[in-house]
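Below: one structure, written as structure tokens.
No value in this document is a laboratory result; all are computed from the given coordinates. Note that the coordinates shown come from a computational prediction; the quantities given were computed from them, not determined experimentally. Using ideal geometry, Cβ is built from the backbone for each residue, glycine included, and neighbour counts are taken over all protein chains shown.
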Amino acid sequence: MISSRTMTLTSKRPDLLDKGVREAIVDQLRACQTKEQVLAFEARFNCETNAGPLYLWICDFLHDRTISPALASRWLRTILEDRENKLKPSK
């Protein structure tokens with residue numbers, strides 16, 4: 001844990017779920033063929049579960065070598081690009 005007066009960062013991983021549930025999440029992500037499908041799954045996952053944001057789970061899967069770095073990179077890039085596009089001011 002890194003602490004300062006203005007911000008606290010922690011390396012706490014998401015609570016562990018049953019192995020079957022974790023595999024189901026990965027299977028559902030793998031079934032996504034387009035960026036839109038990944039983003040739709042992310043929106044559903046983040047709204048319908050209290051397990052934390054999907055990007056933390058992707059990082060957890062990567063850490064545990066449940067998924068390949070290339071797959072994690074593709075999913076995380078999709079999520080981050082979407083966030084960046086939402087933050088850009090409208091012209």
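Points to keep in mind about this one:
- If you sort the three axes of the alpha carbon gyration tensor as a ≥ b ≥ c, you get a/c of 1.5 or more for the range 33-77 and a/b no higher than b/c, which makes it oblate.
- Approximate spin-label separation ASN50-ALA24, in nm, with each point projected 7 Å along Cα-to-Cβ: 1.8
- With contacts taken as Cα pairs under 8 Å and at least 6 residues apart, the range 14-91 reaches a relative contact order of 29 percent.
- The range 48-91, dipole about Cα centre (Lys/Arg Cβ +1, Asp/Glu Cβ -1), debye to the nearest 20: 280
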